[in-house]
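Right, one structure below, let's go through it.
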Amino acid sequence: MITIDQLEILLRTVPQYFLFGGLSMYIFGWIDRKAIYLNIAEIVLLIPGVLALIILLSGMIPAPNAPGLVQEHVEMVIKILTFLSVNGLLAATSLLARLLFKKNWKVLPFIVFAFSIYIFFVSTKMSKVKFELNYPAPVEQNLSETN
């Protein structure tokens, strides 16, 4: 099982690459005026969203007030995962709306773009949180019961 420390380190790097790639594809698609790049950008942004949703729903994240964990770290991890999940849902909605309805749904890609920029800076802020390792709570054994 992955620890909260490993998950926090992964969230500092991997989603930022996906966000940067998706944002770059959005900008390239708007400059080049080709919808294929917008589709690629939304698929790139959908990947960390789905993975974040799987992590949130799988129960791998402990409660923020669990003993031995730094509450600020767990809350930040949950916040980033929630933002990535919502961004993935927005990207999927934008992609499906443009593919199925064949209309110029220009508002949805702008919303996804703006929210992705917000997530990028929030996840960058997570890098500034003082990193302290989370230690499991010490288990107290009653020595009189073992004898």
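The values are calculated or read from the model by the stated rules, or taken from the named source; none is laboratory data. Everything numeric in this text was worked out from a predicted model, so none of it was measured. Using ideal geometry, Cβ is built from the backbone for each residue, glycine included, and neighbour counts are taken over all protein chains shown.
The table that follows gives values for the structure above.
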| quantity | calculated |
| --- | --- |
| Residue within segment 58-66 that is part of a helix (DSSP H, G or I), out of contact with any Phe, Trp or Tyr (no Cβ under 8 Å at 6 or more places or on another chain) and farther than 15 Å from residue 116 by Cα present | yes |
| Every pair of residues 6+ apart whose Cβ atoms lie under 8 Å, when the first sits in segment 113-127 and is modelled with pLDDT of 85 or more while the second is among the small types (Gly, Ala, Ser) | 116/22 |
| Test: residue in segment 105-118 that is among the basic types (Lys, Arg) and farther than 20 Å from residue 13 by Cα | yes |
| Residue match in segment 42-62 (condition: among the polar types (S, T, N, Q), over 21 Å from residue 121 (Cβ atoms) and either modelled with pLDDT of 90 or more or surrounded by fewer than 15 Cβ atoms within 10 Å (Cβ to Cβ) (or both)) | yes |
| Whichever residue in segment 7-36 is more than 17 Å from residue 88 (Cβ to Cβ) and of a type in the set (S, T, N, Q) and, among such residues, is surrounded by the fewest Cβ atoms within 10 Å (Cβ to Cβ) | 13 |
| Residue within segment 68-84 that is in contact (Cβ under 8 Å) with a residue 12 or more places away in the chain and over 22 Å from residue 122 (Cβ atoms) present | yes |
